[in-house]
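Asker: Please read through the structure below; I'll follow up with questions.
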Amino acid sequence: MAKSKVVKSVENVADNVTKGYEKIENAVVGGYKKVEKTVVEGYERIEDAFVDRYLTRDGESVEEAKKRLKNKE
């Protein structure tokens with residue numbers, strides 16, 4: 001059975017609204033992921049600098065110091 005023009009129009013509007021919400025959702029999620037990545041990378045730089053200055057032993061790398069400290073727990 002053929003669909004009426006009204007049904008086709010409603011379906012078209014629903015598809016367009018859904019696509020619009022998907023675009024908005026992708027933009028919001030993408031923005032959040034970018035902010036999250038920036039914050040995590042900034043924290044890791046600060047953490048590495050702190051470990052390097054105050055917690056490493058002579059000739060020890062930052063990664064080795066972190067591993068050593070983690071095993072002490």
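Asker: Ordered by residue, what ³J(HN,Hα) values in Hz, to whole numbers, does segment 22-38 give under the Karplus form 6.51 cos²θ - 1.76 cosθ + 1.60, where θ = phi - 60° and Gly and Pro are x?
Answerer: Each residue's phi maps through the Karplus curve to give 4, 5, 5, 4, 4, 5, 5, 5, x, x, 4, 4, 5, 5, 4, 4, 4 Hz.
Asker: Measuring from label point to label point, each 7 Å out along Cα→Cβ, what is the ILE46 to LYS70 span in nm?
Answerer: Label-label distance for ILE46 and LYS70, simple model: 2.1 nm.
Asker: Moving on to the next point. As a test of the formula, what do you get for the chain when each DSSP H run with n ≥ 4 contributes -39,500 (n - 2.57) and the sum is divided by the residue count, at 222 nm and rounded to the nearest 500 deg cm²/dmol?
Answerer: -28000 deg cm²/dmol
Asker: Then there is this: Work out from phi, with θ = phi - 60° and the Karplus expression 6.51 cos²θ - 1.76 cosθ + 1.60, the ³J(HN,Hα) of each residue of segment 59-71, listed in order in whole Hz, and give x for Gly and Pro.
Answerer: x, 8, 7, 4, 4, 5, 5, 4, 4, 4, 5, 5, 6
Asker: Over 17 Å apart: what share of the alpha carbon pairs of the chain falls there, rounded to a whole percent?
Answerer: It works out to 68 percent of all Cα pairs.
Asker: Residue-wise, which Karplus ³J(HN,Hα) couplings in Hz belong to segment 44-54, taking 6.51 cos²θ - 1.76 cosθ + 1.60, θ = phi - 60°, and x for glycine or proline?
Answerer: Couplings: 4, 5, 5, 4, 4, 5, 5, 4, 4, 6, 10 Hz.
Asker: As an exercise, identify the trypsin sites (Lys or Arg not before Pro) in the chain lying in DSSP coil whose Cβ has no more than 10 other Cβ atoms within 10 Å.
Answerer: LYS3, ARG57
Throughout, read-outs are computed from the coordinates displayed, never taken from laboratory work. The shown structure was predicted, so the numbers you read here are calculated from the model rather than taken from an experiment. Cβ coordinates were reconstructed from backbone atoms using ideal geometry, including for glycine residues, and neighbour counts include every protein chain displayed.
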